[in-house]
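Throughout, read-outs are computed from the coordinates displayed, never taken from laboratory work. Predicted model only: the values in this text are computed from it and were never measured. Here the Cβ positions follow ideal geometry from the backbone for every residue, glycine too, while neighbour counts run over all protein chains shown.
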Amino acid sequence: QISLLIGFISVNNSPWTDYSAYSFFQIVTMCDLVMILFFYVMHIFRVYRKLTCVSWPLAEFLHYLIGTILLLIGSIVAAAKSYNITGLVAGATFGFLATILCVISMWSSYKVSCITQSTSK
């Protein structure tokens, strides 16, 4: 979350040359931040125990998968259109870092929810 937030702030406080590339990057980072906070709140208040009609491990896995792909695309576009402006390069760098961290989080989420359930049966 911190790397997403730093990437968003870096891009937001830099002079833009291509509005479509960086507005896409900002939208993707904010959507990822909101969805990560949503899943944290779901886990903190244990709402997933009351809503059993939703497969929460699958929902979390799909969230990370889609968010990671969109974040990777946004970071590639932001890096390609940065024109060596330091804030935009920093935003793209933190976007790539957040992509790597999302992949690790997706793997650990899958490993905890799916592999441990299949071995405990």
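Charge dipole (Cα centre; +1 on Lys/Arg Cβ, -1 on Asp/Glu Cβ; no other charges) of the chain amounts to roughly 480 debye. Select one label from [x] 3.67; [y] 1.56; [z] 1.20: the one whose number is Cα Rg over 2.2 N^0.38 Å as derived from the coordinates shown. This structure yields the entry labelled [z].
Short-range pairs are left out: with C-alpha atoms under 8 Å and at least six residues apart, the relative contact order of the chain is 38 percent.
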